[in-house]
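*Asks:* Below is a structure I'd like to ask you about.
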Amino acid sequence: MANPDSATTTPAPTTPPFGHVLTAMVTPFTADGGLDLDGAQQLASYLVDHGNDGLVISGTTGESPTTTDEEKDRLLRAVLEAVGDRAKVVAGVGTNDTRHTVELAHGAEKAGAHGLLVVTPYYSKPPQAGLLAHFHQIADATGLPNMLYDIPGRTATPIETETLVRLAEHDRIVAVKDAKGDLEGTSWVLRRTDLAYYSGDDKMTLPLLSVGAVGVVGVPTHLFGAETGSMIAAYFRGDVAGALAAHRQLLPVFCGFFRTQGVILTKAALRLAGLPGGPVRPPLVDATGEQIEQLRRDIADARTPA
């Protein structure tokens, strides 16, 4: 009979390219909707001090559709100044225009970013050949490692398995933020490539770890980074029961932060915690009183031992 204490360690990559726990950081705004760089630096430092290995700047949760290129550059530089080399800072540069994305990638590299997050071009629904060309051009444009962002619920176009396998051949395409919800497809990609997979849907982090993912690019991690990191660490040391218990404990916020558009409730949660966030920019609208009260209950539920 096998020793139950001997074979319970789950292999983990020794050097995930961006760590295990990253937060898709909100972009703090002032009361009048301007960029709050002091708040961004304070928040970035808080996140790194509370369990985050990395930060994604100017992603969806960073309200990138409503920030200018100049604001993105100033924000990235401010965050890099605040956290230095204590965390990986990944710049969101993806757009639905390849030429514009290349320009943003150049700017991010010049500013000192440690990597690039490149979302699938949205709205125009390019064929897979177009995705290959787009992602290759971005990866060729700089010396930075690229994380692809596969989220067809927002972009309308999945990155298909064969496309991901071909993209993995590029030296600088090293990771995927996976919000596709296709465990079978992800499993095939992980069987056939060395891509580092990060969950882009917090409630799917544990299931994705089970098929070979390395971590998460999270949103509730604004307040629950350390707890999420503990769940991931438990899984990789072979304590699957402990990881499952942590997943169940965190489920109220894994789901609760997304009862409406994620950044809306994330900024509400930051206000409850006394951290910088500020309002959202139109066309988003700030959380209602009823939504905030439900969010309070979700946060309390995640912090109350089962």
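The values are calculated or read from the model by the stated rules, or taken from the named source; none is laboratory data. Please read all numbers here as calculations on a predicted model, not as lab measurements. So basically every Cβ, Gly included, is an ideal-geometry build from the backbone, and we count neighbours across all protein chains shown. SASA here: full protein model, heavy atoms, side chains in, ligands and nucleic acids out. Shrake-Rupley method; radii C 1.70, N 1.55, O 1.52, S 1.80 Å.
*Asks:* Report, to the nearest whole %, how much of the accessible area of region 103-197 belongs to carbon and sulfur atoms, 1.4 Å probe, protein only. Don't skip to the end; give the middle numbers.
*Replies:* Details: 2040 of 4230 Å².
Roughly 48 percent, rounded to a whole number.
*Asks:* Kindly sort F236, F135 by accessible area of their heavy atoms, largest first, with the probe set to 1.4 Å.
*Replies:* F236, F135
*Asks:* Taking the Cβ of R172 as the center, what net charge do the other residues with Cβ under 12 Å away carry, scoring Lys and Arg +1 and Asp and Glu -1?
*Replies:* Numbers: positive: none; negative: E109, D140, E169, D171.
Net local charge, R172 excluded: -4.
*Asks:* Using DSSP, restrict attention to beta bridges with both residues in the chain and report what percent are antiparallel, rounded to the nearest 5.
*Replies:* The answer is about 5 percent antiparallel.
*Asks:* Here is a follow-up. Hey, what's the chain come to in accessible area per residue, 1.4 Å probe, Å²?
*Replies:* Result: 43 Å² of accessible area for each residue.
*Asks:* Now for a different question. Over the heavy atoms of D69, what accessible area does a 1.4 Å probe trace out, to the nearest 10 Å²?
*Replies:* 70
*Asks:* Moving on to the next point. In what sequence, largest accessible area first, do E63, E169, E162 appear using a 1.4 Å probe?
*Replies:* Order by accessible area, largest first: E169, E162, E63.
*Asks:* Just round it to a whole percent: the fraction of Cα-Cα distances in region 149-306 exceeding 27 Å.
*Replies:* Result: 31 percent of Cα pairs exceed 27 Å.
*Asks:* Write down the percent of antiparallel bridges among all DSSP beta bridges whose residues are both part of region 11-95, to the nearest 5. Could the numbers behind the result be given before it?
*Replies:* Working: 1 of 9 bridges.
In region 11-95, DSSP labels about 10 percent of beta bridges as antiparallel.
*Asks:* Among V216, V119, what's the order by accessible area (1.4 angstrom probe), most exposed first? Don't skip to the answer; put the middle values down first.
*Replies:* Numbers: V216 0, V119 25 Å².
Ranking V216, V119 by accessible area, largest first, yields V119, V216.
*Asks:* Just need the Rg to Rh number for the chain, please, alpha carbons only, Kirkwood Rh.
*Replies:* 0.96
*Asks:* Can you flag which of K110/K180; K88/K125; K88/K177; K110/K203; K110/K177 are past 26 Å Cα-Cα? Display every interim value, and only then the final one.
*Replies:* Working: K110/K180 31 Å; K88/K125 31 Å; K88/K177 15 Å; K110/K203 35 Å; K110/K177 23 Å.
Distance filter (> 26 Å) returns K110/K180; K88/K125; K110/K203.
*Asks:* For the chain, what is the mean residue ellipticity at 222 nm derived from helices alone (per DSSP H run of n ≥ 4: -39500 (n - 2.57); sum divided by total residues; nearest 500 deg cm²/dmol)? Walk me through the numbers on the way to the answer.
*Replies:* Working: 12 runs with 142 residues, N = 306.
Value at 222 nm, helices only: -14500 deg cm²/dmol.
*Asks:* Along each of its three principal axes, how wide is the spread of alpha-carbon positions in region 100-187, in whole angstrom units, largest first?
*Replies:* In descending order, the Cα extents are 37, 26, 20 Å.
*Asks:* Still on this structure, please answer the following. Roll a 1.4 Å probe over the protein heavy atoms and report the accessible area of K203 in Å², nearest 10.
*Replies:* That residue has around 90 Å² of solvent-accessible surface.
*Asks:* I would also like to ask the following. Could you report the accessible area of H114 in Å², rounded to 10, computed with a 1.4 Å probe on the protein chains as they sit in the structure?
*Replies:* 50
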